[in-house]
1. At pLDDT 95 or above, more than 18 Å from residue 78 (Cα to Cα) and more than 18 Å from the chain's Cα centre (by Cα), is that true of residue 171?
2. Would region 51-63 turn up any residue that is farther than 23 Å from residue 221 by Cα, in contact with a strand residue (DSSP E or B) (Cβ under 6 Å, 6 or more places away or on another chain) and either surrounded by 20 or more Cβ atoms within 10 Å (Cβ to Cβ) or at pLDDT below 95 (or both)?
3. With (1) modelled with pLDDT under 95; (2) more than 28 Å from residue 197 (Cα to Cα) as the list, and residue 87 as the residue in question, which single condition is left unmet?
4. Scan region 202-218 and give yes if some residue there is under 21 Å from residue 267 (Cα atoms), at pLDDT 95 or above and touching a strand residue (DSSP E or B) at 6+ places or on another chain (Cβ under 9 Å), otherwise no.
5. Given 109, 170, 129, 124, which one is buried (at least 24 other Cβ atoms within 10 Å of the Cβ) and in contact (Cβ under 8 Å) with a residue 24 or more places away in the chain?
6. Checking the structure you have, find out if any residue of region 232-245 is over 19 Å from the mean Cα position of the chain (by Cα), closer than 21 Å to residue 26 by Cβ and crowded, with 17+ Cβ neighbours inside 10 Å.
7. Only one of (1) in contact (Cβ under 8 Å) with a residue 40 or more places away in the chain; (2) surrounded by 14 or more Cβ atoms within 10 Å (Cβ to Cβ) fails for residue 83. Which number is that?
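The values are calculated or read from the model by the stated rules, or taken from the named source; none is laboratory data. As the structure is a computational prediction, the values presented were derived from the model and not from experiment. Methodologically, a virtual Cβ is constructed for each residue, glycine included, from the backbone with ideal geometry; neighbour enumeration extends over all protein chains shown.
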């Protein structure tokens, strides 16, 4: 794994993401973005999609970003980052650069901008081979626009567009496997991270930034508002997500080499993870108990597939 700063270096590093923003108390977005900007000492160019992070950190005339930052639309942060990277290469060829430190080009979007609205733009950017890192802040819902379901929303979740009730147990569809999709694009490095495992997250972000070509980070960002848990338990809920294997931490190198980077010492039941979130409250009724059992079987099956793939390296 890539070497990262130690805690003393982090404490002395210049902050490039200021704390004065309007993110909800307990939101994990800020934790993740600080690690992104701390992962390198090089200049960083940020392109942001419309979403919780963008609207909460750039309320005109104020900004939380002490680094070059641009917002264009919901769908095309990847294109903006790719175009900036192409412009940099052009200036480099013409000898018109004034610094030896090469900037890192990073696109940031929520799961709505990544799994759904902006997917074709991300796909095109990766197909063209731009040297950027795309970071998905995955809170599994359109949290900025009313709590609608997204392609990342998990099975049986209660959202404003997939409400649970007498005739429904919530969302009928499964969450997309975005990491496999991006690895299939030929990306040299893709990884899943979670802010409660900060060292694993920092190492993966740093490796993604230092790898030549388009790289992808899917960061679980627990949402206190739409997942419906107390705002002071974000890290605990994140622990439950990774320790239940609902959100496994792994990486895929060059589209084929899969490495599991965190194995819980004690795997907890999926039930424990679902129980702390109001969006799954309806599952704890007699008529929906079978949904929890189905969840557990699917999580177990996916973990087995990941382990077999790690052993086979294919």
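1. Details: at pLDDT 95 or above: yes; more than 18 Å from residue 78 (Cα to Cα): yes; more than 18 Å from the chain's Cα centre (by Cα): yes.
Yes: the conditions hold for residue 171.
2. Looking through region 51-63, none of the residues is farther than 23 Å from residue 221 by Cα, in contact with a strand residue (DSSP E or B) (Cβ under 6 Å, 6 or more places away or on another chain) and either surrounded by 20 or more Cβ atoms within 10 Å (Cβ to Cβ) or at pLDDT below 95 (or both).
3. (1)
4. no
5. Only one candidate qualifies: 109.
6. no
7. (1) is the only condition that residue 83 fails.
Conditions tested, residue by residue: (1) out of contact with any helix residue (DSSP H, G or I) (no Cβ under 7 Å at 6 or more places or on another chain); (2) over 16 Å from residue 154 (Cα atoms).
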| residue | (1), (2) |
| --- | --- |
| 223 | yes, no |
| 251 | no, yes |
| 264 | no, yes |
| 279 | no, no |
| 307 | yes, yes |
